[in-house]
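Undergrad: This is the structure I have questions about; it appears just below.
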Amino acid sequence: MRYSQTLIPTTREVPSDAEIPSHQLMIRAGLIRKIASGMYAYLPAGMKSLLKIEEIVREEMNRAGGCETLMPSVHPRELWVQTGRDEDYGDTMARFQDRHGRWNVLSPTAEEVYAYIGSNEISSYKQLPINMYQISFKFRDEFRPRFGVLRSREFLMKDGYSYHATPECLHKTYMKMYGAYKQIFERCGVPYVILEAEAGEMGGSGSHQFTVPCESGEDVIVYTEDSSYAANIEKAAIDPSEAAAERITDAPEEVHTPNAGSIEAVCQMLGTKPEQMIKSLIHSDREGRIIVAVLRGDHELNEEKLSQLLGGEKTEMASEEQIKEFTGASVGFAGPQGLCEKAHRVFIDHSAAAMPGGAVGANKDDYHVKNIVPGRDFPLEGENIQTADIRNAVEGDTHEGKKLLFRKGIEVGQVFKLGTKYSTKLECEFLDENGKRKPCLMGCYGIGLNRIMASAIETNYDDSGIKWPISIAPFEAVVVPIGKKDEAEAGEKLYSELKEKGIDVLLDDRNARPGVKLNDADLLGVPVRITVGRKSLAEGNVEMKLRSESENSLIKLEEAAGKAAELVEKLRSSL
Ligand code: ATP
Ligand code: MG
């Protein structure tokens, strides 16, 4: 490709909303441009990189037995209503009516459509297993689109779906996909860890997440020092804390806490610390039933863990009216005393149960109660009451006796064993050997192509720009002639030779200053750079430099193409 005939609008300006390196560099290197919040255009160089990622994903999917398909990106809303996900996805899913008044959705993922295909096309166990995938745009009206293409509203996803008659068969395909994902990240040159994960919106029985450890990530990786355990924070199981050796023996005492509806305000008023408070969070399930979560004041409720304990049922914070009706007090004054008996379900976190005692809301406006002892002043077990792990892990927690450590990461892919969640609801069924009708067991496998691209940059850059892994670099080599005459001619010749050798090469034939060209080559992150300058050319040489190194080396002009091809080949085979 010739620079003069393409559009790679590099810039020094960094848009003020670009907070993280990959977002800044993708704009600065002219790979993408923002069209609207969370919506990006891929310009020629960005598209080349995205296509290379797509091809790696496609090859690995095909190698692992996947068959490529393509579903529409507009689905009938009815399918989503049938599985309950029309509600689960909430405002994240975009919906619209067509000219006939029928409701449609913009596909945020495609379990429903694949289960629908299965319901029509699968009839016998003899057809199974089937493993299909697609690479297509998904739309999610993210609450907070940010970080460029890492969390955009429209993005390119590879989503795969498999259908099985037995759990063993599902497991086999699941592990094949797991292996294919490892291959994909390795070939893309992106460092990753594999985490035990919660199934989230997808539902189902088992899941792993592929996460790129890096500071800009929005996910939290929880792991043990020996790496024997690694999980997403939503899943990370915490050892129950030991019960405090000594419990408070003082009697409960009501205290006036006017307007102190938050932990901080109560602490300030009572002169206590959040870890000495016991908070009661009032949630409501889909049917409006009250679920109470009791936690230590400084701990965070883990909604995924809570949902698992409720058999996958989602809950949300109860409304102000619901809280008032249930507790008799405004938000911020709920306490476990007397509420446990009335709630549909109560979950007390292990750490709260282990406390020597603490202050709680009095279920009365502007009052709290001090010296409340778990087990003494409110029950820890009962028909609807249970002590469990319902919080996020924090510094100091352990898993099977090993200290837990934390680091940030970007989720780039996730695989799920869905079981029969979708096949039951959409009647994706088969007849088994005995002629008995059964729902298919399904698996689903998702990977974000744009996220791979941004994560690759996030983990490979320096002050001068991007340092692409060669497999997904927009160009493998760049030829930079500095000068209009002999230099330009030699550059043209090198460019042709490299193309001839099957190298994806950019010729910077712009009429621009040397500094601009060299800086752009570094910003764009092309792995191999060949500079044809007047001084060295006069001696029959060109300068060759790897983006990963700072030293130039002089190579004879006649040998330059061969040497560059060798370097490219070496870089290719390192991935
Ligand atoms: P997140 O928790 O980050 O919102 P998710 O768990 O909802 O992601 P999945 O439903 O598992 O995402 O989708 C599969 C893959 O699609 C993700 O692993 C990620 O790589 C990609 N992806 C999801 N949402 C986005 C987005 N808003 N922008 C870019 N890529 C995305
Ligand atoms: Mg996910």
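Undergrad: Which entries in Lys52/Lys493; Lys158/Lys408; Lys48/Lys501; Lys138/Lys499 show an alpha-carbon gap greater than 28 Å?
TA: Lys138/Lys499
Undergrad: Add -39500 (n - 2.57) for each DSSP H run of 4 or more in the chain, then divide by its residues: what number comes out at 222 nm, to the nearest 500 deg cm²/dmol?
TA: Estimated from H runs of four or more residues: -8500 deg cm²/dmol.
Undergrad: Sticking with this structure for a sec: If the cut-off is 17 Å between C-alpha atoms, which lysines fall inside it for Lys421, apart from same-chain ones fewer than 8 positions away?
TA: Lys314, Lys438
Undergrad: Given the protein chains as shown and a 1.4 Å probe, how many square angstrom of His208 are accessible, to the nearest 10?
TA: His208 has an accessible surface of roughly 50 Å² with all protein chains in place.
Undergrad: So, R0 is 56 Å and r is the distance between the beta-carbons of Lys324 and Asp432; what FRET efficiency does that work out to, to 0.05?
TA: 0.60
Undergrad: Could you give the size of the charge dipole of the stretch 87-201 about its Cα centre, using +1 on the Cβ of each K and R and -1 on the Cβ of each D and E, expressed in debye and rounded to the nearest 20?
TA: Taking the Cα centre of the stretch 87-201 as origin, the dipole is about 440 debye.
Undergrad: Shifting gears a bit: Rounded if a/c is under 1.5, else prolate if a/b beats b/c, else oblate: with a ≥ b ≥ c from the C-alpha gyration tensor eigenvalues square-rooted, which is the stretch 383-424?
TA: Oblate, because a/c is 1.5 or more while a/b does not exceed b/c.
Undergrad: Rounded to the nearest 20 debye, what is the charge dipole size of the chain about its Cα centre when +1 sits on each Lys and Arg Cβ and -1 on each Asp and Glu Cβ?
TA: My answer is approximately 1880 debye.
Undergrad: What figure in square angstrom, to the nearest 10, would you give for the accessible area of Thr420 with a 1.4 Å probe?
TA: Approximately 50 Å² of Thr420 is accessible to the 1.4 Å probe.
Undergrad: OK, next. What is the spin-label model distance, in nm, from Glu19 to Glu87 if the labels are put 7 Å beyond Cα along the C-beta direction?
TA: Distance between label points: 3.3 nm.
Undergrad: Which Cα, out of Ala329, Ala45, Gln5, lies furthest along the positive dipole direction of the chain (beta carbon charges, K/R +1, D/E -1)?
TA: Highest projection toward the positive end goes to Gln5.
Undergrad: So, one more: Counting heavy atoms of the protein chains only and a 1.4 Å probe, report the per residue accessible area for the stretch 475-573 as a whole number of Å².
TA: It amounts to 50 Å² per residue over the stretch 475-573.
Undergrad: Now for a different question. Can you give the FRET efficiency to the nearest 0.05 for Ser227 and Gln183, using r as the Cβ-Cβ distance and R₀ = 25 Å?
TA: E(calc), rounded to 0.05, equals 0.75.
Undergrad: Roughly what would the spin-label model give for Glu287 and Ser124, points 7 Å off Cα along C-beta, in nm?
TA: Result for the modelled spin labels: 4.2 nm.
Undergrad: Enumerate the calculated ³J(HN,Hα) couplings along the stretch 213-221 in order (Karplus 6.51 cos²θ - 1.76 cosθ + 1.60, θ = phi - 60°), each rounded to whole Hz, writing x wherever the residue is Gly or Pro.
TA: Per residue, the Karplus-derived 3J(HN,Hα) values read x, 5, 4, 7, x, 9, 9, 10, 8 Hz.
Undergrad: Rounded, prolate or oblate: pick one for the stretch 284-423, where a ≥ b ≥ c are the square roots of the eigenvalues of its C-alpha gyration tensor, a/c under 1.5 means rounded, and failing that, prolate if a/b is larger than b/c, else oblate.
TA: Cα axes put the stretch 284-423 in the oblate bin.
Undergrad: Distance between Cα centroids, the stretch 498-575 to the stretch 379-431: provide it in whole Å.
TA: So the separation of the two Cα centres works out to 50 Å.
Undergrad: Whose amide H sits under 5 Å from the amide H of Gly65, counting only residues 5 or more places off or on another chain, with H placed in the peptide plane?
TA: Here the answer is none, since no amide H 5 or more places off falls under 5 Å of that of Gly65.
Undergrad: Between the helical axis of 557-573 and the dominant principal axis of the chain, each derived from Cα atoms, what acute angle in degrees is found, rounded to the nearest 10?
TA: 20 degrees
Undergrad: Simple spin-label model, 7 Å along Cα-to-Cβ: Met175 to Cys67 in nm?
TA: If labels sit at Met175 and Cys67, their model points lie 2.4 nm apart.
Undergrad: While we're here: Cα atoms only, the chain: Rg and Dmax in Å?
TA: 29.0, 94
Undergrad: Could you look at the stretch 475-573 and say what percent of its accessible area is carbon and sulfur, using a 1.4 Å probe and all protein chains?
TA: 48 percent
Undergrad: Another question about this same structure. Computing the accessible area with a 1.4 Å probe over protein heavy atoms, can you report the carbon and sulfur percentage for the stretch 377-447?
TA: 45 percent
Undergrad: Taking a virtual spin label 7 Å from the Cα of Ala244 along the C-beta vector, which residues in the stretch 275-315 bring their backbone nitrogen under 12 Å of it?
TA: Those under the cut-off are 275-278, 296-297.
Undergrad: Gap in Å between the Cα centre of the stretch 130-163 and the Cα centre of the stretch 63-91?
TA: A separation of 11 Å, based on Cα centres.
Undergrad: Given a 1.4 angstrom probe, what's the average accessible area per residue across the stretch 253-388, in square angstrom?
TA: 44 Å²
Undergrad: Please give the FRET efficiency for Glu551 paired with Ala41, using the beta carbon to beta carbon distance and R0 = 41 Å, rounded to the nearest 0.05.
TA: Given R0 = 41 Å and the Cβ-Cβ separation, E is 0.65.
Undergrad: Once you have a ≥ b ≥ c as the square roots of the Cα gyration tensor eigenvalues for the stretch 475-573, tell me rounded if a/c is under 1.5, and otherwise prolate or oblate according to whether a/b is larger than b/c.
TA: In terms of gyration-tensor shape, rounded.
Undergrad: Still on this structure, please answer the following. Could you check what % of the DSSP bridge pairs in the stretch 253-388 are antiparallel, to the nearest 5?
TA: The antiparallel fraction comes to roughly 65 percent.
The values are calculated or read from the model by the stated rules, or taken from the named source; none is laboratory data. Keep in mind that this is a model prediction, so the values were computed, not measured. All Cβ positions, glycine included, derive from the backbone under ideal geometry; neighbour counts span all protein chains shown. Ligands, DNA and RNA are stripped out before the accessible areas are found, and what is left, the full protein with its side chains, is counted by its heavy atoms. Shrake-Rupley method; radii C 1.70, N 1.55, O 1.52, S 1.80 Å.
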